[in-house]
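Report on the structure given below.
Throughout, read-outs are computed from the coordinates displayed, never taken from laboratory work. Values in this document were obtained by computation on a predicted structure and should not be read as measured data. Every residue, glycine among them, receives a Cβ derived from its backbone with ideal geometry; neighbour counts consider all protein chains shown.
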Amino acid sequence: MSDPTVVAKDVVVSLAYKLTVDGEVLDEAGKDDAIQFLHGHRNIIPGLENELTGLKLGDSKKVSVKPEDGYGLTDSEEIEEISLEDFPEGIVPEIGMELEVKDEDGNDLYGRVLAITEDTVTMDFNHPLAGKTLDFEVTVVGLRNATGEELSHGHVHGPDGHHHH
Ligand code: ZN
């Protein structure tokens, strides 16, 4: 089967991209380090994936993704005040510091320090890009058919069929 020529469901897409948030370039990948994903299987944020359908090899596009189609809106329930006693031992909290803490069930939560009082630390566990509009500039740099195994798993495997699970 020859390689596909447009982005469609079940096609493996290589995408060069630049991500700008609030006017600041946060992430960039050229042709050599393009991301690869199986299109139509929600392996990338839906607001971007939807806009890529139908693009041809070599096409570029600017896509602005609203928070609700990206990393979600900021959720006030994800902001928690924790007792300084429960703060990881040996770490002095500073505003803006990013770190992993354990919740009461022992799960690791990644968050940022928002505020500090004498005996509490307020942590924001929202995704750092929650509430943000994501401005992408993308170029389709590769298209190929997915293997049967990739389709059955719903994601791309690396060269030599290597798994990334
Ligand atoms: Zn797999």
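Were the residues from residue 56 through residue 6 laid out at 0.36 nm apart, the gain over their Cα-Cα distance would be 17.6 nm. Within the shell of other residues whose beta carbon sits under 14 angstrom from the beta carbon of residue 41, the net charge comes to -2, with Lys and Arg scored +1 and Asp and Glu -1. Across the stretch 75-83, computed HN-Hα scalar couplings (Karplus, 6.51 cos²θ - 1.76 cosθ + 1.60, θ = phi - 60°) run 10, 5, 6, 8, 9, 10, 9, 10, 5 Hz from first to last residue, x flagging Gly and Pro.
Straight-line cross-link reach from residue 18 at under 22 Å between alpha-carbon atoms covers these lysines, not counting any fewer than eight positions away in the same chain: 31, 56, 61, 62, 66, 132.
Normalising the average separation of contacting C-alpha pairs (under 8 angstrom, six or more residues apart) by the number of residues puts the relative contact order of the stretch 76-124 at 43 percent. Which FRET efficiency, nearest 0.05, do residue 36 and residue 151 yield, Cβ-Cβ r, R0 25 Å? About 0.95, to the nearest 0.05.
Using θ = phi - 60° in the Karplus curve 6.51 cos²θ - 1.76 cosθ + 1.60, the 3J(HN,Hα) couplings for the stretch 132-144 round to 9, 7, 9, 9, 9, 10, 10, 9, 7, 10, x, 9, 8 Hz; x is entered for Gly and Pro. For residue 131, nonlocal amide neighbours, meaning residues 5 or more places apart or on other chains whose placed amide H falls under 5 Å from its own, are 71, 72, 73, 74. The GNM of the chain, with springs linking C-alpha atoms under 10 angstrom apart, assigns the highest mean-square fluctuation among 108, 124, 33 to 108. Rg of the Cα atoms in the chain, relative to 2.2 N^0.38 Å, amounts to 1.29.
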